[in-house]
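See below for the structure under consideration.
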Amino acid sequence: MASDGKSPTLDRKRSDEKQIGFTAPIDISIIDAPTVLEPSHAAEYVEFLQLKQHFESDPKAYKSLIRRLDFRIIPMLFMYYLLNALDKSNAGNLKIYTFLKDTHMTDHQFNLALTWYFFTYAFLEAPSNMCMRKFGPKLWLSGLVVGWGLVTLGTAWVTSYEGYCAARIMLGFFEAGLFQGGLQDSSIISHCFELTQSSLGCFYTLSCWYVSGELQTRCAYWYSATTVSGAFGGLLAYAVGPLQGHLGLNQWQYLFIIEGSLTIFFGLLGFWLCVDFPESWSSKVFKADEMQFLQLRVKYQDGPIAPDDTFRWGAFWEAVKDWKTYFIASLLAFGGSVPTYSVNYTLATMVKSLGYSSIKAQALTAPPYVFALFCVIAIAIYSDKYRCRARSLQISYAVGTAGIVILWPCLYHQNLAGVAYFALFLVVAGYDMQAPAVGSWLGTNVRSPSKRAAAMGWQSTFGQLLGGTIGANIFVAKDAPTYNSGFIILLVLVMVGGVGATSANWYFLRASNLKKEKIPLEELEGKYTEQQLSEMGEYSPYFRYIL
């Protein structure tokens with residue numbers, strides 16, 4: 001709000017109308033930057049306003065257009081994430097078969113091999129995301145999917161610990177640009193609790209196509225692939241059981257062959273079906289004016305000054321120096337990665353304490369995931385409708401933390417298995433709910449596409465390294481089965497690095513908005529050129545952060 005309590009947008013209408021230099025039957029109330037635009041940009045912006053009025057004048061037609069965009073963009077990204085999640089389920093399923101015996105590995109060597117994946121994907125996420133900004137999702141993401149599919153297929157013929165380590169390193173190299181993976185626990189239910197790992201490249205692609213009031217909901221739709229993978233992964237592992245010895249191959253080899261072949265197929269399909277960035281993509285699904293509107297609406301969602309979309313490697317250092325990157329990294333590390341990795345051990349103990357077989361324990365993880373799916377979509381719709389990222393995160397942390405607080409004392413009393421199972425619903429839902437909000441919050445508050453790519457990559461590297469390292473080591477075997485020290489550390493980190501960092505990020509973003517709104521409009525008139533405002537990105541005096 002402006003210092004006089006009025007909306008600064010309304011005060012700028014007349015100035016904008018004069019300085020843009022165009023007359024058209026448009027609603028200029030959304031113009032929010034009194035500056036002299038270059039003629040080509042002014043014409044493009046006026047075209048956007050005219051298209052906006054045309055499409056938004058009919059709410060049903062507008063919703064239909066966005067729904068068609070959803071069906072064109074989300075399915076392919078959903079499939080990429082599903083295939084990645086299936087890969088992660090391999091870690092638990094392999095040990096059911098003869099993988100360790102056939103490769104002459106011990107349990108300890110198997111777990112060490114899994115950790116090599118963590119280091120390659122963590123360090124390469126930011127550079128890979130920058131490359132995707134340069135080459136586009138259609139080429140870069142699809143190429144990475146084909147590459148990781150080839151590695152998965154080749155892993156079917158590893159014969160030693162060293163060979164499996166090499167495969168995991170290569171897998172991390174290719175998956176770095178798509179997904180934030182993690183240190184996989186090798187227990188049979190580990191896959192079901194990889195709650196907060198999100199697709200970095202897919203998050204970024206979605207942020208380039210959807211405006212701030214739509215982004216988290218679309219991330220939630222796409223993120224639901226984790227639920228599908230939980231069911232499909234177990235079904236696939238069961239299906240290869242009877243194939244032992246066929247054509248001289250073992251069950252685990254068929255698992256790699258099937259998943260690798262599926263990944264390669266969909267990666268190749270992605271060169272045709274995967275979307276590109278708005279400025280370089282066209283589709284026969286949309287009419288010319290529809291495509292033009294979809295391309296321009298994200299570009300001009302904050303007003304007539306479009307963000308600088310020039311690719312610059314220097315944007316990486318801008319992201320590294322930006323305080324917003326580290327607040328979001330804290331949310332990823334302490335509000336997501338730490339509870340996910342660390343609680344794996346406790347959840348495994350809890351499910352085992354219910355007295356069910358492994359197959360029944362697998363089945364018991366399905367209802368919490370179905371519940372979590374609805375919660376993820378519900379909180380995303382709420383967040384987008386009211387544009388309240390911080391509030392949705394605090395609700396998510398409250399739900400997940402309540403589950404932990406209930407679960408902890410239940411470990412002292414085996415007769416409270418039903419209560420512990422109820423707590424499982426809250427834990428899974430709470431830490432699933434926060435994941436799309438974390439990715440979309442940074443995505444909507446960094447304007448420059450190059451800087452956004454770098455920021456999302458760096459916050460992921462920083463958050464995953466810190467969160468994964470801590471989370472995998474705070475629950476130690478000597479504290480079983482109650483894990484008192486682990487729970488204490490976990491709750492402190494979630495409250496400080498999750499809840500606290502959310503509040504701090506909200507405070508500083510709000511303070512920046514208030515500071516900008518106190519600047520007199522007369523003081524800004526003619527002070528900056530269009531190029532200067534564009535290069536400022538979110539630091540422009542006309543930009544307002546989403547809180």
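The values are calculated or read from the model by the stated rules, or taken from the named source; none is laboratory data. Since the structure is predicted, the reported quantities are computational estimates derived from the model, not experimental observations. In this analysis, Cβ positions are derived from the backbone assuming ideal geometry, glycine residues included, and neighbour counts consider all displayed protein chains.
Quick notes on this one:
- Residues of region 491-535 that are part of a helix (DSSP H, G or I), of a type in the set (A, V, I, L, M) and at pLDDT 90 or above: L491, V492, L493, V494, M495, V496, V499, A501, A504, L509, A511, L514.
- Some residue of region 341-362 being crowded, with 23+ Cβ neighbours inside 10 Å, at pLDDT 70 or above and in a helix (DSSP H, G or I): no
Let's see how each residue does on (1) crowded, with 19+ Cβ neighbours inside 10 Å; (2) touching a residue at least 40 places away in the same chain (Cβ under 8 Å):
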site: V476; (1), (2): no, no
site: V494; (1), (2): yes, yes
site: G497; (1), (2): yes, yes
site: T529; (1), (2): no, yes
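- Of the residues in region 130-147, none is modelled with pLDDT under 75, assigned to a helix (DSSP H, G or I) and of a type in the set (D, E, K, R).
- Residue ID - farthest from L273 (Cα to Cα), chosen from residues in region 148-181 that are in a helix (DSSP H, G or I) and small (G, A, S): G163
- Some residue of region 83-102 being modelled with pLDDT under 80, hydroxyl-bearing (S, T, Y) and on the phi < 0 side of the Ramachandran plot: yes
- With respect to the conditions (1) more than 24 Å from the chain's Cα centre (by Cα); (2) surrounded by 13 or more Cβ atoms within 10 Å (Cβ to Cβ); (3) within 21 Å of I328 (Cα to Cα); (4) not polar (S, T, N, Q), A511 lacks only one, and its number is (2).
- Identity of the residue in region 255-307, assigned to a helix (DSSP H, G or I), of a type in the set (G, A, S) and surrounded by fewer than 19 Cβ atoms within 10 Å (Cβ to Cβ), that ends up modelled with the highest pLDDT: S261
- Checking region 195-202 against the condition returns no match, with no residue being surrounded by fewer than 22 Cβ atoms within 10 Å (Cβ to Cβ), part of a helix (DSSP H, G or I) and modelled with pLDDT of 70 or more.
- Test: residue in region 425-442 that is farther than 25 Å from W222 by Cβ and not small (G, A, S): no
- Residue in region 457-469 that is surrounded by 18 or more Cβ atoms within 10 Å (Cβ to Cβ), modelled with pLDDT of 80 or more and closer than 20 Å to F316 by Cβ present: yes
- Count of region 409-456 residues which are of a type in the set (A, V, I, L, M), in a loop (DSSP other than H, G, I, E, B) and either surrounded by fewer than 24 Cβ atoms within 10 Å (Cβ to Cβ) or free of Cβ contacts under 8 Å to residues at least 12 places away in the same chain (or both): 1
- Some residue of region 416-423 being of a type in the set (A, V, I, L, M), modelled with pLDDT of 85 or more and closer than 28 Å to S212 by Cα: no
- Test: F543 is in contact with a Ser or Thr (Cβ under 8 Å, 6 or more places away or on another chain) and either in a helix (DSSP H, G or I) or hydrophobic (A, V, I, L, M, F, W, C) (or both): no
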